[in-house]
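Here the structure is laid out as structure tokens; the discussion comes afterwards.
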Amino acid sequence: MDLENKADADGFLPILSHSDESKAEKLPYDNEEQIRIVTGEEIVTSEGVRRGLKVRHISMIALGGTIGTGLFIGTGEALANAGPAGIFISYIFMATIVFSIAHSLGEMAAFIPVSGSFAQFTSRFLHPSFGFAMGWLYWFSWAMTFAIEVNVAGLVIQYWTDAVPMAAWITIFLVCLSAINYFPVKFYGEIEFWVASIKVIAIVGWLIYALCMACGAGDDGAVGFRYWRNPGAFGPGYYASNPDLAKFLGWVTSLINAAFTYQGTELVGVTAGESANPRKAVPRAINKVFYRIAIFYILSILFMGMLVPYNSPYLLGNDDESDAYVSTSPFIIAMQYAGTPVLPDIFNAVILTTIISAGNSNVYIGARILMALTMSGNAPKFFGYTNRFGVPYVGVTFTAIFGALSYMNLSAGATSVFNWFVNITTVAGLITWALISFSHIRFMQALDAQGFKRDDLPFKALFMPWYAWYAGICITIIIFVQGFTAFLPWKPVDFVINYLSLFIFIALVAGHLLIFRKPFQHPVEMDLDTGRREVDALIWDDTPPKNIWEKFWYYAA
């Protein structure tokens, strides 16, 4: 039976062919009776998880997954340091890097759709020691992020009232977000879909609102680029005796902020192992990354710089009216300057749903990374145990337990340690990005060595391999540069904090190398089959949308 021709004739996604016909014997299914037309909900993968995430789930997770507190709140300090032009340039530059990472991961994840994919890709295509170190550091970063988000949720509520103790809010969010992750993955997909939809609608609404305010609908009339002229396009920068050097260092801090804000782009790689028809879902999600970045990030930063001056006392919380954490959000400050009542409260509610969504994703991601570590032999097998819904419940429990660290921030003495965890999460994300780029370079070498043609892949990344080299080198530089504040002047404690995650990564790699002494693999020996062949042998039920609702999300997502 000619499976590839049959798939083409029936309109389904073709099974990938090799340039070397003899390699077709590697397919595990060799007769017609073993080929099934399936839907995602039917599939239980070799890892034990279910492919319950639909195309609209993957697309909206890719769209809304990176939109969080980094954009809504963290941009305030970057705007204060770099000014509107500085932060705008930073986000455009980082967008070019993020686009490369998304394409690198998309090419690998569409071809080999496994749970927690990039942790396995690093082990396969770079070295098991790098996969071990990156996987555990990345898992720890998301476990710590869960604790951070649980704590921030309570801080956001303080925008309205502080009558309820913070410990109570932490407990409520900790229990609820942990419990959600024990349900089937389709429930996670639905929750993230609708919350991401709220975020998308809110940002689109804010962009329209910001355009109207800039053109004269607010109390101050037409703002335009008034604040680019006074107080100026570039902010005061970071401490330096030379004003020009200070402005440059301020731009560097905004560049680092942009890198942290964009983190989460790799979520598509985590969800690939549980997506229905990953050969279709992953490419569709990746293909729209450019437009999402341009609309939701670049335009938001542009309007933010038009409506809020970089010397606003609200940006750094130096005003006398409110000490609420969310009051430093440039989105809300812009509404306050425009004199729009009620809207700041509505947007604060949007930020709260964003944080709840982020906390939900943190546990999901952490559990799937543990499963990926288990599959690559870098974690105990019990982390891969799944319940009857296909949920890795041991991984969920272990990740959720770390959310209790959010209670540390209730103590003044523990706050500094909590900030260490924050730094680990951000730099760990940058290390992951660099390894994704370098893994993709080795992946392309493996394809060539084993006779695969990139033109036959379900998704082919653009401008490769040079684009991957560009992203990998730039991210590596940023990893080393991000801690420059420890040198101006020299502060040993800050140095340790800024580079702690890098030190942990190096220690994990070195320890794994010394203990296991696994050699580097030649590209011809790299595993391109595990996680791929079972998907190759399936013909997916690709029924077109039937009603208006399905058609809307088919094209919108």
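Residues in the stretch 510-543 that are farther than 26 Å from His440 by Cα and either at pLDDT 65 or above or outside any loop (DSSP other than H, G, I, E, B) (or both): Ile515, Ile539, Trp540. A search for C-beta distances below 6 Å between a residue of the stretch 369-387 that is of a type outside the set (Ser, Thr, Tyr) and any residue that is open to solvent by 40 Å² or more (accessible area, probe 1.4 Å), counting only pairs 6+ apart in sequence or on different chains, returns Asn378/Phe132; Asn387/Tyr393. From the list Phe125, Phe132, Phe140, Phe146, the one residue that fits, being open to solvent by 10 Å² or more (accessible area, probe 1.4 Å) and either of a type in the set (S, T, N, Q) or farther than 12 Å from Thr432 by Cβ (or both), is Phe132. Among residues of the stretch 336-363 that are in contact (Cβ under 8 Å) with a residue 12 or more places away in the chain and within 23 Å of Tyr209 (Cα to Cα), those with a Cβ under 9 angstrom from a residue that is of a type in the set (Lys, Arg) and assigned to a helix (DSSP H, G or I), sequence gap 6+ or separate chain, pair up as Val350/Lys199; Thr353/Lys199; Thr354/Lys199. I'd like to check something: does the stretch 457-471 contain any residue that is open to solvent by less than 20 Å² (accessible area, probe 1.4 Å), touching a helix residue (DSSP H, G or I) at 6+ places or on another chain (Cβ under 9 Å) and not in a loop (DSSP other than H, G, I, E, B)? Yes, the conditions are met somewhere in the stretch 457-471.
Yes/no matrix, rows are residues, columns are (1) hydroxyl-bearing (Ser, Thr, Tyr); (2) modelled with pLDDT of 85 or more; (3) part of a helix (DSSP H, G or I):
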position: Ile97; (1), (2), (3): no, yes, yes
position: Gln120; (1), (2), (3): no, no, yes
position: Trp139; (1), (2), (3): no, yes, yes
position: Ala143; (1), (2), (3): no, yes, yes
position: Glu149; (1), (2), (3): no, no, yes
position: Tyr159; (1), (2), (3): yes, no, no
position: Ala163; (1), (2), (3): no, no, no
position: Leu174; (1), (2), (3): no, yes, yes
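Taken across the stretch 106-117, residues that are within 14 Å of the chain's Cα centre (by Cα) and assigned to a helix (DSSP H, G or I) do occur, with at least one present.
Quick check: is even one residue across the stretch 233-240 loosely packed, with under 14 Cβ neighbours inside 10 Å and of a type in the set (A, V, I, L, M)? No, the stretch 233-240 contains no residue that is loosely packed, with under 14 Cβ neighbours inside 10 Å and of a type in the set (A, V, I, L, M). The residue that is nearest to the chain's Cα centre (by Cα), among those in the stretch 66-91 that are at pLDDT 90 or above and among the hydroxyl-bearing types (Ser, Thr, Tyr), is Tyr91.
Of Thr476, Thr386, all but one fail to be open to solvent by 40 Å² or more (accessible area, probe 1.4 Å), in a loop (DSSP other than H, G, I, E, B) and of a type in the set (Val, Ile, Thr); the exception is Thr386.
Being under 21 Å from Ala95 (Cβ atoms) and either surrounded by fewer than 24 Cβ atoms within 10 Å (Cβ to Cβ) or modelled with pLDDT of 80 or more (or both) is the requirement here; does Ile256 meet it? When the stated conditions are applied, Ile256 passes them. How many residues does the stretch 243-252 hold that are open to solvent by less than 30 Å² (accessible area, probe 1.4 Å) and either under 19 Å from Phe480 (Cβ atoms) or touching a residue at least 12 places away in the same chain (Cβ under 8 Å) (or both)? Looking only at that region, the number is 3.
Exactly one residue among Tyr188, Tyr209, Tyr182 is surrounded by 15 or more Cβ atoms within 10 Å (Cβ to Cβ), out of contact with any Ser or Thr (no Cβ under 6 Å at 6 or more places or on another chain) and over 30 Å from Ala367 (Cα atoms), and that residue is Tyr209.
The values are calculated or read from the model by the stated rules, or taken from the named source; none is laboratory data. Just so it is clear, the structure is predicted and the values come from calculations on it, not from any experiment. With ideal geometry, Cβ positions are generated from the backbone for all residues, glycine too; neighbour counts draw on all protein chains shown. Note: areas computed on protein heavy atoms with side chains; ligands, DNA, RNA excluded. Shrake-Rupley method; radii C 1.70, N 1.55, O 1.52, S 1.80 Å.
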